[in-house]
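Below: one structure, written as structure tokens.
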């Protein structure tokens, strides 16, 4: 994305913050879409987690079952399965991480943060757990400084962590620091072919703003970047 496109993007995003009173909107919005776009919410990524964080014998079945329930959006069942995996394998960060993620999807943010902090006890450099704590804290206007602390820690470990960059951009917009916000969003969209989901998210935002033409352009970009992005295709059909 070139400089001119980025400069056009920032005023739009500022308008979004004003129109939706910032934090409350972002809370509902991200909880709604996170379970849909999270790359880890599938069996393939579950297998990767098993390879990176070996489980105690017997925990793998519950861990995989938890991901199956997530795909079906059966959050209570997923929570039960991930909790069982964490009890069987209490020293495995991935088990606690997904208990935390399920609490997040259930909008039980305090419990989610507690589980992500448990992950950090076991794995202090787990940038995903740091990013999730920062994301949740960013929903509270009184905790933006604390949110930035966690998001910065996540990015220090993985500078290409797009979710944390995106959340930092939101925080800076809420604080009125458009220059810093522009820098963070620029980092995300610099490698935009990897991030079709962000264009889909922007489309959802524009739909809520009653700006269907802008929404259409974002959905079209998402499909262009990922021709198999069925949710973006469905969203385009609904706009016709």
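The single residue among 112, 49 that is in contact with a helix residue (DSSP H, G or I) (Cβ under 9 Å, 6 or more places away or on another chain), modelled with pLDDT under 75 and in a helix (DSSP H, G or I) turns out to be 49.
Taken together, the residues in region 177-218 that are modelled with pLDDT under 80, surrounded by fewer than 16 Cβ atoms within 10 Å (Cβ to Cβ) and in a loop (DSSP other than H, G, I, E, B) amount to 2. Residue by residue through region 61-98, note down the ones that are part of a helix (DSSP H, G or I), surrounded by fewer than 24 Cβ atoms within 10 Å (Cβ to Cβ) and within 18 Å of the chain's Cα centre (by Cα). Of everything in region 61-98, those that are part of a helix (DSSP H, G or I), surrounded by fewer than 24 Cβ atoms within 10 Å (Cβ to Cβ) and within 18 Å of the chain's Cα centre (by Cα) turn out to be 67, 71, 75. The condition of being without any contact (Cβ under 8 Å) to a residue 12 or more places away in the chain and in a helix (DSSP H, G or I) holds for residue 156.
Looking at region 124-141, which of its residues are surrounded by fewer than 24 Cβ atoms within 10 Å (Cβ to Cβ) and assigned to a helix (DSSP H, G or I)?
Within region 124-141, 127, 128, 137, 141 qualify.
The values are calculated or read from the model by the stated rules, or taken from the named source; none is laboratory data. Computed from a prediction, not measured in an experiment: that's the story for all the values here. A quick note on method: Cβ atoms are made from the backbone with ideal geometry, for glycine too, and the neighbour counts reach across all protein chains shown.
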